[in-house]
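Participant: What follows is a structure written as structure tokens; I'll ask about it next.
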Amino acid sequence: MLVDVIGFDPSLRNWGAAKAKLDLETGVLSTPVLHLIQTGEEPKSKQVRMNSYDLQAAMELSSGVFSLVQNTKFIFVEVPHGSQSAASMKGYGICIGILGALKSTGIPIIEVSESESKKIFCNKRTATKEEMINQAFQHYPDANWPKHAGKISATKAEHMADAIAAIHAGVQTPLFLNLLKLYAKV
């Protein structure tokens, strides 16, 4: 049975997404359609209040995320973890808030950590951004990778590669394997 799945790599500025079909019987993932939800840069002028900008960024992210999950049966997410500055903590809070709202829709969310994704996807907990992108490209060379001057744009592709890795890691979690058993009974 084929089901729609999506992988997310949440971030305030660049939220990576990989939408694909997963064959629940074979475990084969189709070539994903890649997305990058981007928010505008912080305002330079004092004319725009920062909280207004933050609210606009949260709305842009949530609108993009919720439009992508239509008909999705499983969501795999590399859940962000703490931060070391107030600015990054704000981004963390916005991302976690969107994930919480997404979870309230009832679509199962399979959470993975960054190290789990790297370990499962590249067989190395300390995989670099380049290694993650290369591995994702090797698996899915026909995906709609962002390119600049004929080469993959690493600044955009890293988030998409992480979203793909979230799916690869998520299908191996105990939670997903248990959900899979329930699907088999239906």
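Participant: Select, from G27, G91, G7, the only residue that is modelled with pLDDT under 95 and surrounded by 21 or more Cβ atoms within 10 Å (Cβ to Cβ).
Facilitator: Exactly one of G27, G91, G7 is modelled with pLDDT under 95 and surrounded by 21 or more Cβ atoms within 10 Å (Cβ to Cβ), namely G91.
Participant: Check segment 45-66 and report whether any residue there is aliphatic (A, V, I, L, M), more than 22 Å from P174 (Cβ to Cβ) and touching a His at 6+ places or on another chain (Cβ under 8 Å).
Facilitator: Scanning segment 45-66 turns up no residue that is aliphatic (A, V, I, L, M), more than 22 Å from P174 (Cβ to Cβ) and touching a His at 6+ places or on another chain (Cβ under 8 Å).
Participant: Residue under question is I96, and the condition is that it be farther than 18 Å from S30 by Cα and either buried (at least 17 other Cβ atoms within 10 Å of the Cβ) or under 13 Å from the mean Cα position of the chain (by Cα) (or both); does it hold?
Facilitator: yes
The values are calculated or read from the model by the stated rules, or taken from the named source; none is laboratory data. No experiment lies behind these values; they were computed from the predicted model shown. All Cβ positions, glycine included, derive from the backbone under ideal geometry; neighbour counts span all protein chains shown.
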